[in-house]
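Please read the structure below before turning to the comments.
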Amino acid sequence: MDNNKQSGWGAYKRLLSYVRQFWPALLLSITGFVLYALGQSAFAGLMQFLPAAFDATPEKAISYPLLDDYISLQTAADYRIFFPLAVGVIMLTRGVGSYLGGYYIVYVARNVVNRLRQDLFKHMLSLPGSFYNATRSGDLLSTITFNVEQVTGAATDALKVLVREGLTVVALLSYVFYLNWKLSMVFIFMSPFILVIVGVASRLFRKYSRRIQDSMGGVTHVSSEAIKGFQVVKAFGGRDYETSRFGKSSEYNLRQSLKLARVDEISTPIIQLLTFMAIALLFWFGLSPSIKGEMDTGTFLAYITAASLLAKPLRQLTQVNSKIQRGVAAAQSIFEIMETAAEIDQGSAEMINPRGLIEFRNLNFRYPGVEESTLSDINLRINPGETVALVGRSGAGKSTLANLLPRFVDAPLQQIFVDGVALEDYRLADLRKNIAVVNQHIVLFQDSVAGNIAYGDLADASAEAIEKAATTAHATEFINTLAEGMQTQIGEDGVNLSGGQRQRLALARAILKDAPILILDEATSALDTESERYIQDALETVMQGRTTLVIAHRLSTIEKADKIVVMDKGQIVETGTHTELLAKGGAYSQLYQLQFGGAHSSD
């Protein structure tokens, strides 16, 4: 969804819809802010009594319809008692209202942002692989961190000011209209000018805020790449290049931030000027007998006080507009992701006693936005318990074919079948539950060794089962040397482990899953010769009774495969056993001779 497809107000309404489940706290907050706003109006009304207080004598009693039923003010002594008590009650009421309003609006807003962040993260994990392929990881990280923080500002401080000062403005305007509606028409006259300025500023705020968010995605992306690839940066002298890239992204962010600040600092004084022009006009018209009417000095003083008190909340409302618009722009980017369609999961079939029969029938596939087909006319049958190896040059389509099976990428309908059932007819969770994957690029988490082996659905595995999987993967040889054994923390992405150790943990994870279908994408690529020999022995044990799809370039590791499939430019060009393919003297034989002649091919 494009950001422009949903209006700013629509995004803000959707953001505020998260408030519904916290309505009791919101009600308390609004009640508190109503008390605060009434306190402001009451303070202005108190000014009405000042002239009478100065003129008060024992013989002169002043009548106030709103108070005569409750209190009698006749002497100067009465006023000396009344004013301190009134100010104290007003301040106490304002203080209680400010606390209730402020705390509970923050309570609501923080819960809303927490729920929004969780919903966003949960939805992101449900998105298809094509989304991640088309979106920079830095942009996604920036959305979760920076953009959500912008929403936090709009939903906490901004919402607090919006409600508190908005109610204060309503209360004060109601009071001045009550005192003299003719004089108060000055505010009505000025309001269109203020609304035009606010509208123009709001559009500019959103535009620059979106640019700031995009630039933060670039900053995050560049810094993430440089930090993760620090060894390459250092080894190839990339420091100046990465510094330049980061500087360009950061400077673009600076320029947009300054543009936003410029709009903010221009719009606020203009609105303040219009507000005080309105107050100046009040003095002009207020001194006109035809407009002032029967207002006495006290009433006029109360009126001017109330009108003057409008300046501060109006100023705060205009200043908070930039924060609200930043939050709206951030909400639009968040809702754009949340409206991206999740993985298609409309299947209902369950894998009951899966056998592991895999069939690719006339499979044709190409990635979105790519003109050439990645896979063409793939017809392949993998029988239950059979080990099939995919080999070929880089870009032949081997990894794509493997990724289609667990539906990391969605294939055309009715072209891939498992146990005779079309892939899309299975429930995603059920399908993936029965497929174990070991990728060439190992992913480990900042957790213990045991936590990385027993990950996700495997978290309930017993210590004995984890130990057995690690032993089968020949991982216990190094695990037992660690300070805390299975409970040793391995650092971010297993930074404290060698490449071979990381890969053996990934193998142990796949072994523990005990799935009927096993996909090994260069599963032994990071192992030394000795470790590889151990792992090959382990894999031969693990592969027994399982349908295994192996992607390998080290052809020596797949010589015992039941079937070797040679791919080139997205097509199957040869199929057979190691001995059969060597005897043919075709593509496989050429790859074999190249590799053992010293050449190296990588996918």
- Task: From the list Ala389, Ala396, Ala411, pick out the single residue that is under 17 Å from Met567 (Cα atoms) and in a loop (DSSP other than H, G, I, E, B).
- Result: Ala396
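If you check Thr548, Thr557, Thr575, which single one turns out to be surrounded by fewer than 21 Cβ atoms within 10 Å (Cβ to Cβ) and either β-branched (Val, Ile, Thr) or over 22 Å from Asp514 (Cβ atoms) (or both)? Outline the logic, then answer.
Numbers: Thr548 fails: surrounded by fewer than 21 Cβ atoms within 10 Å (Cβ to Cβ); Thr557 fails: surrounded by fewer than 21 Cβ atoms within 10 Å (Cβ to Cβ).
The match here is Thr575.
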- Query: Which members of the stretch 474-508 meet the condition of being surrounded by fewer than 14 Cβ atoms within 10 Å (Cβ to Cβ) and over 32 Å from the mean Cα position of the chain (by Cα)?
  - Reply: Asn480, Thr481, Ala483, Glu484
- Gly397 fails exactly one of (1) open to solvent by less than 30 Å² (accessible area, probe 1.4 Å); (2) free of Cβ contacts under 8 Å to residues at least 60 places away in the same chain, namely (2)
- Message: Pull out all pairs, ordered by first then second residue, where Cβ-Cβ is under 9 Å, the residues are six or more apart or on different chains, the first lies in the stretch 456-476 and is closer than 23 Å to Ile435 by Cβ, and the second is of a type in the set (Val, Ile, Thr) and open to solvent by 50 Å² or more (accessible area, probe 1.4 Å).
- Response: Thr472/Thr541
- Looking at the stretch 430-450, which of its residues are polar (S, T, N, Q) and either crowded, with 22+ Cβ neighbours inside 10 Å or assigned to a loop (DSSP other than H, G, I, E, B) (or both)? Asn434, Asn439, Gln440, Gln446
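Considering the stretch 349-366 alone, what residues qualify as being surrounded by 15 or more Cβ atoms within 10 Å (Cβ to Cβ) and not in a strand (DSSP E or B)?
Of the residues in the stretch 349-366, the ones surrounded by 15 or more Cβ atoms within 10 Å (Cβ to Cβ) are 349, 351, 354-360, 363, 365-366.
Those that are surrounded by 15 or more Cβ atoms within 10 Å (Cβ to Cβ) and not in a strand (DSSP E or B): Met351, Pro354, Arg355, Gly356, Leu357, Arg366.
What residue, among those in the stretch 300-348 that are among the charged types (D, E, K, R) and assigned to a helix (DSSP H, G or I), is most open to solvent (accessible area, probe 1.4 Å)?
As a first pass, look at the stretch 300-348 and keep what is among the charged types (D, E, K, R): 312, 315, 323, 326, 336, 339, 343, 345.
Next cut, assigned to a helix (DSSP H, G or I) only: 312, 315, 323, 326, 336.
Working: Lys312: 105, Arg315: 78, Lys323: 63, Arg326: 58, Glu336: 62 Å².
Among them, the one singled out is Lys312.
Can you tell me how many residues within the stretch 451-475 are assigned to a helix (DSSP H, G or I) and in contact with a Gly (Cβ under 9 Å, 6 or more places away or on another chain)?
Looking only at that region, the number is 1.
So which residues in the stretch 109-127 are in a helix (DSSP H, G or I), open to solvent by 60 Å² or more (accessible area, probe 1.4 Å) and over 27 Å from Ile30 (Cβ atoms)?
The first filter runs over the stretch 109-127 and keeps only residues in a helix (DSSP H, G or I), leaving 109-124.
Restricting the remaining residues to those that are open to solvent by 60 Å² or more (accessible area, probe 1.4 Å) gives 110, 114-115, 117-118, 121-122.
Result: Phe121, Lys122.
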- Selection within the stretch 455-471 - under 20 Å from Leu520 (Cβ atoms) and open to solvent by less than 40 Å² (accessible area, probe 1.4 Å): Leu458, Ala469, Ala470
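Counting just the residues of the stretch 402-425 that are of a type in the set (A, V, I, L, M) and open to solvent by 40 Å² or more (accessible area, probe 1.4 Å), which one comes out nearest to Ile519 (Cα to Cα)? Even if it seems obvious, please write down each step before you answer.
Of the residues in the stretch 402-425, the ones of a type in the set (A, V, I, L, M) are 402, 404-405, 409, 411, 413, 416, 418, 421-423.
Going one step further and asking which of them are open to solvent by 40 Å² or more (accessible area, probe 1.4 Å), we end up with 413, 421.
Numbers: Leu413: 22, Val421: 19 Å.
Per the stated criteria, the residue is Val421.
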- Item | Residues that are open to solvent by less than 30 Å² (accessible area, probe 1.4 Å) and within 13 Å of the chain's Cα centre (by Cα), drawn from the stretch 128-140 | Gly138, Leu140
- Task: Enumerate the helices (runs of 4 or more DSSP H) found wholly within the stretch 2-67, keeping only those where 2 or more residues are at pLDDT below 80 and either basic (Lys, Arg) or open to solvent by 50 Å² or more (accessible area, probe 1.4 Å) (or both).
- Result: 8-16, 50-55
- Pairing a residue in the stretch 81-104 that is part of a helix (DSSP H, G or I) with any residue that is modelled with pLDDT under 85 and open to solvent by 80 Å² or more (accessible area, probe 1.4 Å), where Cβ atoms lie under 8 Å and the two sit 6 or more apart in sequence or on different chains, gives Thr93/Leu38; Gly97/Leu38
- Query: Hey, does the stretch 519-530 have a residue that's in a helix (DSSP H, G or I) and either modelled with pLDDT of 90 or more or open to solvent by 60 Å² or more (accessible area, probe 1.4 Å) (or both)?
  - Reply: yes
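The values are calculated or read from the model by the stated rules, or taken from the named source; none is laboratory data. Model, not experiment: these values are computed from the prediction. All Cβ positions, glycine included, derive from the backbone under ideal geometry; neighbour counts span all protein chains shown. Side chains are part of the model used for accessible areas, which takes the heavy atoms of the whole protein and leaves out ligands, DNA and RNA. Shrake-Rupley method; radii C 1.70, N 1.55, O 1.52, S 1.80 Å.
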